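Everything on this sheet refers to the single structure shown next.
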Amino acid sequence: MNVGQQIINGLVLGHSFALVAIGWTVLLGVARLVNFAHGQMYMLGAFVTWAAIAEFGLPYALAIPFTMLVGIAVGFLMQRVMLQLTLKQDLVSIMIVTLGFGHVLHGVAALVFGSTGQILDTPFSTRNVYWNDLWFTWQDVAIVVVTILVFVALKLVLDRTRLGRLARMVAEDPQLALLAGIDVRKVYFGVFAFQGAAVALAGAMIGPRTPILTSMGFDEVIMTFVVVVLGGIGSVWGSYIAGISLGLFTAFFGALVSPAYTTPAAFLVLIAVLVLRPGGLAAKPGGGH
Amino acid sequence: MSARVLEIADLTVRYGGNRVLAVDGLSLGAGEVVGVVGANGAGKSTLVNATLGWSRGKPVVSGRVLLDGKDVSALPTPRRVAEGLLLIPEGKLIFGTMTVEENLAEGATDPGPDRRAYSAEDVYSLFPRLKERGGHLGSQLSGGERQMLGIGRALRLAPKALLLDEPSIGLAPKLVSTVLHTVRELCRDGLSVLLVEQNVKAAIAVVDRMILLERGRIVLEGTAGEMRDNPRIAEAYLGTQQA
Amino acid sequence: MTVVADMQCGSVAARTTPPILGVEELGVRYGALEALAGVSWQVEPGQILGIIGPNGAGKSTCYDAVTNLVVRSGRVVLDGEDVTKVPAHALASRGLRRAFQQNAFFDHLTVLENMVAVLQDDWGTSFPGCIFRPLAERRRAADARAAAAAQLARMRVEPRFHDRYPTEIPYGTQRMLSIALAHGGGAKVLMLDEPAAGLGGEDMRALVELLGALRDDGLSIVVIEHHMDLIMSVADRIVVLDQGRMLAEGTPAEIQANDAVLDAYLGRSE
Amino acid sequence: MNIGLQVAMLAVLAVAGYFLPALFGGSGAVYSAFVLIAIFAVMSYGLDLIVSDLGEVSLAHPVFFAAGAYATGIISVRLGLGPIATLVASIGVAMLLAGVVGLITLRLREFVFSLVTYAVSVVALTLAENWAFLGGSDGLTGIPLFKLDLGVASYRAVTDKDLWPVAYVMLLGVLWIVRAFRRSRLGKAAMTVHLNPRLATMSGIDPQRTRLMVFLVSAPITAAAGWLYAYQRAYISADVLSPYFLILMLTAVVIVGRGLLFAPLIGVALILAQEKFMSFGGYVDRIILGTALILTLSFLPGGLYEAVRALIARLGPAGAKQDTQIEEGATECR
């Protein structure tokens, strides 16, 4: 095994996990919402980028913002349908509804893009870098750079701006936020739009690494879940660190044990965390209000 | 009496099939402090929450709320806040995950000439203690500091009328008096306050008028002087045997 | 300040009877906040103990501590047995039951179904029994409904409300239903949390009557209450809490004459 | 109504139900559809106990379905045992898995519970696709015909028409079990833990034990559906873990109304009727199913049953009467 190569793979993979997860981190942290359609939105992001380049002939640099706009539209539509459930904080129903959305998105994508796989080529993905016995593509470099930029920008916005402050107020206590004069609905819409844009960006950036299929998206949700839980729900830096760690773990697990079982392995890590630290996520004994 | 800043008419609140509040009329003049007292379950919190159209439960509210003559009863809570109707709820009244400075960062946007928008500096000069604690998280504050921060946060939003729900809970007696007297001071600048309070003695020292709620209805209303010696006030808390 | 109870008020018999429920040095901390400290009291068989105190005094926390719903220090002894480590759900079968401050029901069940649900220990049928002996189960279910109806009637919940949902019935009846559900099929000690909140007139009288009748049946009752009319007229002894500590303990007459208590309620003179 | 009459009526209904496929023409396609409806309804009833009674949303139920199907496939293909043995094995494996999943999720609630159970499903899918013991991506082929040997007599099911009696008896049995569960101490405990955990606890119910027990009842029901599905399809692959089954179950459970005995059956019947007889192709059907789930939960939280009832109440005089009664109750407390 080439340790250096696995570290590079792990870092690229880790940044990918972090970028896919970032929208969810904010969604869960601010709005306490879970979106099971996240994986399908990722899939859609990859396919819209592919269509924008291959069908409409847009350059990659324009295909990305276009994809993000589609992501925002999908996020906005979902939130519009679920608004009453969101305001009631009916988390369980919201969850199932998003599962339904994932199913619908899968159907729509299969209908529009067909069920055969595609290769999403970008100017970066076809250019390799060889350095001694190490190998990576410029796309990998772009993923790392974009992920870091997105995380830094998000952290700055949440900590330093009025928008971020409003989001944090709603995150802590939406009812009290109402009394502070905040239109909580707008914040929810904003958060869903961000999630849509971020995961679409992830699709556009990470899609080129592997062949894309309309049936993908399930592993992404699980990896995202592991990242968000390991990082501490709602924590931006936590997600970043957890993403990188999970990436390295996955790369080495794949190289040393079996590439087919990386998702179960990541899940076992999650279970271990849940069992060792049940207080972090578990409801209080006896329920309560 | 001075102009009416807040008027409440025919306000009823129901939970399920049960009416828990029925207030026919209650008004608050400019610069006036009105105390609301009553036993637990009498509907004090329900009254102030319903005035904002706000609740942590699922009540059905009907009735009219007029702020400076303008009917705000159809507006959602944040819009009422924007109009200058502020509530500091009982219990959790500040954002614990944010610093004192951040809690005070949100000011009124364009309150107009007739409303005083307090700057963060104004709040600090009112409560010097908060300035010392500026970088601390809300969750690290003591009960008294939270109460001050709650009031400060409300003042930043340029209130016309301020509804305070049980500010004295869990506070040491000296702090209760400090907080309430500051509230009294604010009214010199034209602020109107509806003060829900269980600590009758502390409340009576700062209010102009007082109302007694029993089972969701106003059963007694009068000036602070009239109410001070009224046996029904003591009764509401200590029972009829207490003379 | 703690006012030590005047022991002469208790009868000789009361003093020699072992308490049915005793708590010793209960304490609860939430992070840095000491919500409850050094609280000790006991109830004797067939007595009503009132717990009073201003808002935020720690009364409900005290109940949570007794029933093991929060992490706490101290000791709880029920009918001579140390139940400090017994999990909350195992207390009911030992005879300790409680109500909650808000009306606590199973909202989507009718009043009668609510009552049947808490009588399952005595009147329920096991799952295999329901599968293989449907006729026996049917008879038992009918008996359960009859028992539930009788229990509701005893708790002043009239039959005309039995097929309604709890949120549809009058408020006073809801409070009675809360007590009935808490009491379930029977208890040695029943802990009520502000049963009279929001009640008045007729409802209040019915409540006083009910508490008296339950006591006469030998039940021991602990009542958190704000309504002094009620507490003074029904309680045998009263514990006053303030800021998580014991402020006073004694008979109703003693408590009413206690300056510290007056201060806590009406505000301190400075 | 007296009990004898009730039993007689139920018996008549049960017998009549058996002849429904014949009533719809009795073609092979009709029998196939009815067998699938029975299988998927049984599958959904397992989930129904968790969603309607326990009030949590388990997304791990496809795993129990697959467990039944795979246990049946492996045992019948590799050991050559018959349906009774495979049914016992299906139930055993499902209970084992349910115990593990139940213990892991014992203290988890709401969305965390659902997420972890979802992860269980995805992990199971990965395992099924890759693990040679389960046939890997090719699946298990050559599952023998359903052949019941009872010593003196035997029953062989060659077509779906032959499977119908088996499927129908299984459906009736599960309906009976679900009804019995809801009337039992355990069922009532589940409902009270769902509606008010604190009050349930103080009434002497252990919420965690109750959750585990309900899981142990629920999983074998879904697994039994997998058992018959394996015989009906004659081969099993990782497809049984595809999200289609999860969405189908969830939609069936919520679309008509939660907690009603016949709701999942009617839900499955509606969905399969659309897919078998009014299909617009796989992808559009997928969109229809997902949309039905979304719309039901977002706009008809009580399901079609509540919606229809509300409509009738608004039109008919019965509803108006009910309203005044509530009003009356309210005035008394003044």
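The values are calculated or read from the model by the stated rules, or taken from the named source; none is laboratory data. Keep in mind the model is a prediction, meaning the values are calculated, not measured. Glycine gets a Cβ as well: all are built from the backbone with ideal geometry, and neighbour counts include every protein chain shown. Just so you know, the surface numbers come from the protein's heavy atoms only, side chains and all, with ligands and any DNA or RNA stripped out. Shrake-Rupley method; radii C 1.70, N 1.55, O 1.52, S 1.80 Å.
Per-residue answers, yes or no, for (1) within 17 Å of residue C:221 (Cβ to Cβ); (2) open to solvent by less than 40 Å² (accessible area, probe 1.4 Å); (3) out of contact with any strand residue (DSSP E or B) (no Cβ under 8 Å at 6 or more places or on another chain):
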| position | (1), (2), (3) |
| --- | --- |
| C:26 | no, yes, no |
| C:30 | no, no, yes |
| C:33 | no, no, yes |
| C:49 | yes, yes, no |
| C:58 | no, yes, no |
| C:77 | no, yes, no |
| C:84 | no, yes, no |
| C:94 | yes, no, no |
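Residue count for the stretch B:83-138, restricted to those that are open to solvent by less than 10 Å² (accessible area, probe 1.4 Å) and free of Cβ contacts under 8 Å to residues at least 40 places away in the same chain: 3. Tell me yes or no: at least one residue of the stretch C:64-77 is assigned to a helix (DSSP H, G or I), at the interface with chain D (Cβ under 8 Å from one of its Cβ atoms) and in contact with a Gly (Cβ under 7 Å, 6 or more places away or on another chain). Looking for residues that are assigned to a helix (DSSP H, G or I), at the interface with chain D (Cβ under 8 Å from one of its Cβ atoms) and in contact with a Gly (Cβ under 7 Å, 6 or more places away or on another chain), one finds none in the stretch C:64-77, hence no.
Scanning the stretch A:7-23 for residues that are among the β-branched types (Val, Ile, Thr) and closer than 15 Å to residue A:219 by Cβ returns a single hit, A:20.
Checking each residue of the stretch A:43-50 against the condition of being touching an Asp or Glu at 6+ places or on another chain (Cβ under 7 Å), aromatic (Phe, Trp, Tyr), open to solvent by less than 20 Å² (accessible area, probe 1.4 Å) and under 29 Å from residue A:8 (Cα atoms) gives no match. Selection of the stretch B:195-213 for residues being assigned to a loop (DSSP other than H, G, I, E, B), within 13 Å of chain C (Cβ to nearest Cβ) and more than 11 Å from residue B:42 (Cβ to Cβ) yields B:197, B:199, B:205, B:206, B:207. A Cβ distance below 8 Å, combined with a sequence gap of six or more or placement on separate chains, defines the contacts here; from the stretch D:233-247, residues that are at the interface with another protein chain (Cβ under 10 Å from one of its Cβ atoms) reach residues that are outside any helix (DSSP H, G or I) in the pairs D:246/D:59.
For the stretch B:186-201, the condition of being surrounded by fewer than 24 Cβ atoms within 10 Å (Cβ to Cβ), in contact with a Leu (Cβ under 6 Å, 6 or more places away or on another chain), more than 21 Å from residue B:5 (Cα to Cα) and touching a residue at least 40 places away in the same chain (Cβ under 8 Å) holds for at least one residue. Can you report the number of residues in the stretch B:50-104 which are within 11 Å of chain A (Cβ to nearest Cβ) and of a type in the set (Gly, Ala, Ser)? Qualifying residue count for the region: 7. Residue count for the stretch B:214-232 under the criterion of being away from chain C (no Cβ under 11 Å) and within 20 Å of the chain's Cα centre (by Cα): the result is 7. Are any residues in the stretch C:179-208 open to solvent by less than 10 Å² (accessible area, probe 1.4 Å), more than 10 Å from chain B (Cβ to nearest Cβ) and farther than 24 Å from residue C:77 by Cβ, and if so, which ones? Correct list: C:179, C:180, C:181, C:195, C:207.
Considered as a group, the residues in the stretch C:145-171 that are surrounded by 23 or more Cβ atoms within 10 Å (Cβ to Cβ) and assigned to a helix (DSSP H, G or I) include one that is farthest from the other protein chains (Cβ to nearest Cβ), and that residue is C:152. With respect to the conditions (1) open to solvent by less than 40 Å² (accessible area, probe 1.4 Å); (2) outside any helix (DSSP H, G or I); (3) of a type in the set (Val, Ile, Thr), residue A:146 lacks only one, and its number is (2). With a requirement of 1 or more residues that are under 18 Å from residue D:127 (Cβ atoms) and either more than 13 Å from the chain's Cα centre (by Cα) or not basic (Lys, Arg) (or both), the helices (runs of 4 or more DSSP H) lying completely within the stretch D:1-101 that satisfy it span D:61-74. Of C:100, C:105, C:132, all but one fail to be of a type in the set (Phe, Trp, Tyr) and free of Cβ contacts under 8 Å to residues at least 12 places away in the same chain; the exception is C:132.
When the residues of the stretch C:209-233 are filtered to those that are in contact (Cβ under 8 Å) with a residue 60 or more places away in the chain and assigned to a loop (DSSP other than H, G, I, E, B), which remaining residue is nearest to the other protein chains (Cβ to nearest Cβ)? The selected residue is C:226. Which pairs do you get when a residue that is more than 7 Å from chain C (Cβ to nearest Cβ), found in the stretch D:169-194, comes within reach of a residue that is of a type in the set (Phe, Trp, Tyr), reach meaning Cβ atoms under 6 angstrom, with the pair 6+ apart or on two chains? What qualifies is D:174/D:45; D:178/D:45; D:187/D:181. Candidates are the residues of the stretch D:265-287 that are hydrophobic (A, V, I, L, M, F, W, C) and surrounded by fewer than 18 Cβ atoms within 10 Å (Cβ to Cβ); the one that is farthest from residue A:78 (Cα to Cα) is D:277.
Among residues of the stretch B:43-82 being of a type in the set (D, E, K, R) and surrounded by fewer than 21 Cβ atoms within 10 Å (Cβ to Cβ), the one that is nearest to residue A:182 (Cα to Cα) is B:79. All of A:58, A:69 fail the test of being open to solvent by 40 Å² or more (accessible area, probe 1.4 Å) and at pLDDT 95 or above, apart from A:69. Scanning the stretch A:253-268 for residues that are more than 8 Å from chain D (Cβ to nearest Cβ) and buried (at least 16 other Cβ atoms within 10 Å of the Cβ) turns up A:253, A:254, A:255, A:262, A:265, A:266.
Flag: residue B:30 does not match the condition of being open to solvent by 30 Å² or more (accessible area, probe 1.4 Å) and facing another protein chain (nearest Cβ under 8 Å). Here the stretch D:51-69 is the region considered, the condition is being under 11 Å from residue D:117 (Cβ atoms), among the hydrophobic types (A, V, I, L, M, F, W, C) and modelled with pLDDT of 95 or more, and the residue that is least open to solvent (accessible area, probe 1.4 Å) is D:64. Taken over the stretch A:163-208, the criterion of being in a helix (DSSP H, G or I), touching a strand residue (DSSP E or B) at 6+ places or on another chain (Cβ under 9 Å) and free of Cβ contacts under 8 Å to residues at least 12 places away in the same chain is satisfied by A:179 alone. Selection over the stretch D:195-232 of residues that are of a type in the set (A, V, I, L, M) and either within 12 Å of another protein chain (Cβ to nearest Cβ) or more than 29 Å from residue D:158 (Cβ to Cβ) (or both) gives a count of 11. Remark: pairs (first residue in the stretch D:36-58, within 14 Å of another protein chain (Cβ to nearest Cβ); second residue among the basic types (Lys, Arg) and in a helix (DSSP H, G or I); Cβ separation under 8 Å; 6+ apart in sequence or on different chains) = D:53/D:182; D:54/D:211; D:56/D:211. Residue C:115 satisfies every condition listed in (1) out of contact with any helix residue (DSSP H, G or I) (no Cβ under 7 Å at 6 or more places or on another chain); (2) under 15 Å from residue C:185 (Cα atoms); (3) among the hydrophobic types (A, V, I, L, M, F, W, C) except (1).
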